[in-house]
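Worksheet: the structure to be examined is printed underneath.
The values are calculated or read from the model by the stated rules, or taken from the named source; none is laboratory data. Just so we're clear, the structure is a prediction, and the values are computed from it rather than from any experiment. A quick note on method: Cβ atoms are made from the backbone with ideal geometry, for glycine too, and the neighbour counts reach across all protein chains shown.
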Amino acid sequence: MPVLMCPPTYFGIEYEINPWMHLEVPVDRAEASRQWKALCATYRDLGVEVLFADPLSGLPDMVFTANAAVVHGDRVVLSRFRHSQRQGEEPSWARLFESWGYEVSDAIGIPFEGAGDALFVGDTLFCGYGFRTDPRAIPAAGRALGVETVPLELVDPRFYHLDTCFCPLDSRTVLLAPNGVSAESADRIRRLVERVIEVPEQVATGFACNALAVGSTVVSSTALEALRSPLAEAGFRVAGLPMSEFMKAGGGVRCLSLPGVGPRDRARSAPAATAEPAARPAGDAG
Ligand code: ARG
C-alpha cells in the first residue's frame, strides 16, 4: 500500500478557510519539515512505500494530499475544492492520476474534497458533507467508483472534513468522535460498523482521528496516545507523532497522506511525482 505525500516546501498559513487557521499564527517551516519527515520515516519503517507529488508555490495546502481525490481500484474521482484558494491544486492532481494510468472522473462539478471527506470501511464509502463536500456529490462519486456510499452529516466546524472525526482502522473497526457528526449519522455508523472506538472531544481536537492504520499500527498525532488501551484491546498499537505545525492549518497525519495510490502501469509513471526516496522535494523541504 503506497502512500502519496507532498513535501511542505511551500506550506504555510496564507488564508483562513477553517477554524484552525489564523493568519497571525504562522507555521514554523523548519519544524513542519521535521514533523513531515518523521511521518515519512514512520511509514517507511512500517514497510510502506512513500510517493511524492511535486509541491507548487502559492498552493500552501497541497501538502494535504488526502484532499486530492478518492481512489478505488483503477478509478479516481478528483476533488472539486469548495474554496478558490485550493482550486489551483486541481490540474496538478488530475495530471498526476492521468499519468499514473487511472480512469479519472471529475464529472461531479460540485464541491467534493476527496479522501478528506470519503473513507472506505471495507468496500463501502463513508462520506462526510456539510462544510466542504456537497451532499449531491456523494451518490455521483459512488456511481463513478462503482461503490455503495453512506452519507454522514458533519455538524462541528472544527471537524470540517470527515477524516478529522472518523477513521476506519480495518473493515470492521473505526474511530469516531461522535460530536463531529449528527446524532443520526453517529447511529448509522454504530449500526453499520461492528466495532466503534469512541473518541472524546478533547482527544479528537488533538487530531487523534486523523489517522492511518498500517496493518495493526495506527499512525496519528500524539493525541492518539490517550486511546492506547481501547486500541490495544482491539489489537492495535499506537504510533503518535507531533503534528503541531500542520494542526495550525487544520490537518494531521491522515490529511498529509493519500494511501493506496501509485502508478497503475509503471511504464507510464508520472513526471510529476517520484518514488525516489531522498527525494529532491523532501530535501528541499527543510
Ligand atoms: N487547510 C486545509 C484546508 O482547510 C487543511 C486540509 C486538511 N485535510 C484533511 N484531509 N482534513 O483545506
### Task
Tally the residues that are surrounded by fewer than 18 Cβ atoms within 10 Å (Cβ to Cβ), small (Gly, Ala, Ser) and under 15 Å from ARG172 (Cα atoms), restricting the search to region 201-236.
4
### Query
Within region 189-218, how many residues are of a type in the set (A, V, I, L, M, F, W, C) and in a strand (DSSP E or B)?
6
### Task
Please work out which residue is nearest to the ligand (Cβ to nearest atom), limiting yourself to region 210-246 and to residues that are out of contact with any helix residue (DSSP H, G or I) (no Cβ under 8 Å at 6 or more places or on another chain) and small (Gly, Ala, Ser).
ALA213
### Task
Scan region 146-173 residue by residue and report those that are more than 15 Å from the chain's Cα centre (by Cα) and either of a type in the set (A, V, I, L, M, F, W, C) or part of a helix (DSSP H, G or I) (or both).
VAL147, VAL150, LEU152, LEU154, VAL155, PRO157, ARG158
### Summary
In region 81-135, anything of a type in the set (S, T, N, Q) and within 16 Å of the ligand (Cβ to nearest atom) is listed as SER84, GLN85, GLN87, SER92, THR133
### Task
State which residue is nearest to the ligand (Cβ to nearest atom) when the search covers only region 24-80 and only residues that are crowded, with 17+ Cβ neighbours inside 10 Å and in a loop (DSSP other than H, G, I, E, B).
PHE64
### Summary
Taking region 1-12 and keeping only residues that are over 17 Å from ASN67 (Cα atoms) and buried (at least 16 other Cβ atoms within 10 Å of the Cβ), one is left with THR9
### Summary
Reported set for region 8-23 where residues are part of a helix (DSSP H, G or I) and either without any contact (Cβ under 8 Å) to a residue 60 or more places away in the chain or more than 15 Å from the ligand (Cβ to nearest atom) (or both) is THR9, TYR10
### Boolean, ARG228 is over 23 Å from TYR129 (Cβ atoms), in a helix (DSSP H, G or I) and modelled with pLDDT of 95 or more
yes
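If you go through region 247-261, how many residues are part of a loop (DSSP other than H, G, I, E, B) and more than 8 Å from the ligand (Cβ to nearest atom)? Steps first, answer last, please.
Residues of region 247-261 part of a loop (DSSP other than H, G, I, E, B): 248-253, 257, 260-261.
Cutting the leftovers down to more than 8 Å from the ligand (Cβ to nearest atom) gives us 248, 253, 257, 260-261.
Final tally of qualifying residues: 5.
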